[in-house]
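The values are calculated or read from the model by the stated rules, or taken from the named source; none is laboratory data. Bear in mind that the values here come from a model prediction, so they are computed numbers and not experimental data. For neighbour counting, all protein chains shown are included, and Cβ atoms are generated from backbone atoms with ideal geometry for every residue, glycine included.
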Amino acid sequence: MARRRLDLTFPPRQATKAITYHLVKDFDLVPNILRAQIQPAQEGRMLLELTGSAEQFEAGVAFLRAEGIGVREAASDICLDDERCVVCGLCTAVCRPGALTLAEGTAELVFDKDKCVYCEACVVACPRRAVTLRF
């Protein structure tokens, strides 16, 4: 089973199409929408985790591209510059899914990739610019 996170960009004309429905029905993929901002007649974005066989996954991605949807791998990791970080905790305070936490007792920053939805709130919140996304 393949499981990958994709960052999708929807052109305005595709915003109202049932894209995730087709991924399930036509390609037997299991979508998990982690984050989405899609409105009629506007460009939209969706962070989508897809699970399924490698063959079906490739066919589903080909379908998305054929529909004019931009497809790229989602950010692969949150990167922390230890020299810049002062462990102030601001990034953990804005991390709604709880992907960034401070370890008890050590005040070490801990990142749980499976919880991250790549909203970039931590990047914006960091006053020292110590947090970045790696693609």
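For residues in segment 11-39 being under 28 Å from C95 (Cα atoms) and touching a helix residue (DSSP H, G or I) at 6+ places or on another chain (Cβ under 8 Å), which is modelled with the lowest pLDDT? Among those residues, the one meeting the criterion is I33.
Among the residues of segment 82-109, the ones that are in contact with a helix residue (DSSP H, G or I) (Cβ under 9 Å, 6 or more places away or on another chain) and among the β-branched types (V, I, T) come to 3 in all. Screening L34 on (1) touching a Cys at 6+ places or on another chain (Cβ under 9 Å); (2) closer than 20 Å to Q14 by Cβ; (3) outside any strand (DSSP E or B); (4) hydrophobic (A, V, I, L, M, F, W, C) shows it passes everything except condition (3). Can you name the residue in segment 77-127 that is in contact with an Asp or Glu (Cβ under 8 Å, 6 or more places away or on another chain), in a loop (DSSP other than H, G, I, E, B) and not aliphatic (A, V, I, L, M) and, of all such residues, is modelled with the lowest pLDDT? That would be Y118. Scanning segment 37-72 for residues that are under 25 Å from C116 (Cβ atoms), small (G, A, S) and assigned to a helix (DSSP H, G or I) gives A54, G60.
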